[in-house]
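Have a look at the structure that comes next, please.
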Amino acid sequence: CVLLVSSSPLASSAMVGAMKVLTSTTLLLLSASAKGAPGAPVGTCQADREDMMVRDHSLLQLGAPHQAFTEKPFVWGTSETTIGEGMCEVRVPSDEWTLKYCSDAGHDVKVLSYNLYWWNLFGYHHQNGNGGSAGKLIASGGKDKPYDFMGFQECQGADRVLRDGGLAEQYGIITAHHDLAITYRKEAWEVIAHGMQDVSEDNPEQWWGTRGAQWARFRHKSTGYALMFVNHHGALPVGSGGKCGLLGTAYNILHAITSHRQSGEGVVLVGDFNSNEGTEEIKELDRRLRRINTGTSFGGVDHIFTNCGGVHVVETRNLGNGGSDHDA
């Protein structure tokens, strides 16, 4: 499944070369204003001109606020309305608040999201790595242009995945609780800061623990463009939002982003949300960010969101599952 979309500054010939990407992959363009700032059947694509929803990977252009717009500071609703209790308590953002700020100028970025199904794909008594299939799949997908960032869920050893694909020397790894990992291309990017914020917890009937949003902020070494990359694995049962509920989880993810993001930075949010596009969680995230990619596994629970969308999506492609129960 491939989708090619170009904004006016990009000729189609440019996409054939520098702007090819694969599913669970996203090409982004970050504008100069960020410089220096610290349910579809398999084989089909769904495209909305605004949100450009596709499968698991995407190529897009991600920009910071355009000069025609002034980015509003992050302000939750003036009514002081809150939902949830304990760790789930969160203030509701105002209706007009959004992260959908974008510009045509920017920087190419290629990203991937992949739930690795670790216990089965890498378990000694199960597939035992399946001959390095996941890493080889990633390497194949990055032949034309290497991934800048990858977000792994159900990952207990990103280094092993990278070694299997012959990519270990190219990438730095940021690990976090909840079997989450972010990898970044060391030649091009440096880490500004990173962390983890819990956003929900599994319900008792399928309890594995709390669920978090892993975040990291990066700066491009040669251009100074800044980007915030967020990686999430949603609560169980599927479609419930867990203890914090669907809306509570969405608000907590947005709060995690805006608590750590600096003004003008691009945003990429990826992961296995354990919620499909018909849930309140994904609908609420759609209101605040642009969903440019949705997978097909488990009814479409894998998503990629950014502050850009529409004509800024250049290409999306599904790489296949590589032995996992989710596509890369």
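The values are calculated or read from the model by the stated rules, or taken from the named source; none is laboratory data. These numbers come from a predicted model, not from an experiment. As a convention, Cβ positions derive from the backbone with ideal geometry for all residues, glycine included, and neighbour counts pool all protein chains shown. Heads up: the accessible areas ignore ligands, DNA and RNA and are worked out on the full protein's heavy atoms, side chains in. Shrake-Rupley method; radii C 1.70, N 1.55, O 1.52, S 1.80 Å.
Around Ile192, which amide H atoms from residues at least 5 apart in sequence, or from another chain, sit under 5 Å from its own amide H, with H modelled in the peptide plane?
Answer set, sorted by chain and number: Arg217, Phe218, Arg219.
Step through the residues of the range 266-273 one at a time and calculate ³J(HN,Hα) from phi using the Karplus curve (6.51 cos²θ - 1.76 cosθ + 1.60, θ = phi - 60°), rounding each to whole Hz and writing x for Gly and Pro.
Result, rounded to whole Hz: x, 10, 10, 10, 10, x, 9, 7.
Give me the percent of the accessible area of the range 231-312 that comes from carbon and sulfur atoms, probe 1.4 Å, all protein chains in place.
Answer for the range 231-312 is 48 percent, counting heavy atoms of protein chains only.
Enumerate the calculated ³J(HN,Hα) couplings along the range 112-117 in order (Karplus 6.51 cos²θ - 1.76 cosθ + 1.60, θ = phi - 60°), each rounded to whole Hz, writing x wherever the residue is Gly or Pro.
9, 10, 7, 8, 8, 6
Dimensions of the range 256-328 along principal axes (Cα, Å, largest first)?
39, 28, 22
Could you give the length gained by full extension between Asp144 and Ser263, i.e. 0.36 nm per residue of separation minus their alpha carbon distance, to one decimal place?
39.6 nm
Share of the range 91-201's accessible area from carbon and sulfur, percent, 1.4 Å?
43
Compute the accessible area per residue over the range 157-215, keeping the other protein chains in place, probe 1.4 Å, unit Å².
Normalised by residue count, the accessible surface of the range 157-215 is 49 Å².
Hey, another quick one. Rounded, prolate or oblate: which fits the range 77-160, taking a ≥ b ≥ c as square roots of the Cα gyration tensor eigenvalues, rounded meaning a/c under 1.5, else prolate when a/b beats b/c?
Verdict is oblate for the range 77-160.
What shape does the range 140-273 take by its C-alpha gyration tensor, where a ≥ b ≥ c are the square roots of the eigenvalues and a/c under 1.5 counts as rounded, a/b above b/c as prolate, and the rest as oblate?
oblate
Next up: With a point put 7 Å past each Cα toward its Cβ, work out how far Asn120 is from Ala193 in nm, to one decimal.
Once both label points are built, they end up 3.9 nm from each other.
Can you list residues from other chains, or at least 5 along the same chain, whose modelled amide H is less than 5 Å from the amide H of Tyr225?
Gly36, His220
Is the range 169-239 best put as rounded, prolate or oblate by its Cα gyration tensor, with a ≥ b ≥ c the root eigenvalues, rounded for a/c under 1.5, and otherwise prolate when a/b is larger than b/c, oblate when not?
prolate
Each residue of the range 82-89 in order: what ³J(HN,Hα) in whole Hz does its phi give by Karplus 6.51 cos²θ - 1.76 cosθ + 1.60, θ = phi - 60°, with x for Gly and Pro?
10, 10, x, 9, x, 4, 8, 5
Around Leu112, which amide H atoms from residues at least 5 apart in sequence, or from another chain, sit under 5 Å from its own amide H, with H modelled in the peptide plane?
Excluding prolines and chain starts, which carry no amide H, the hits are Thr26, Phe149, Met150, Gly151.
Still on this structure: Once you have the Cα-Cα distance between Ile83 and Asn203, take 0.36 nm times their residue separation minus that, and quote the gain in nm to one decimal.
Computed gain between Ile83 and Asn203 is 41.5 nm.
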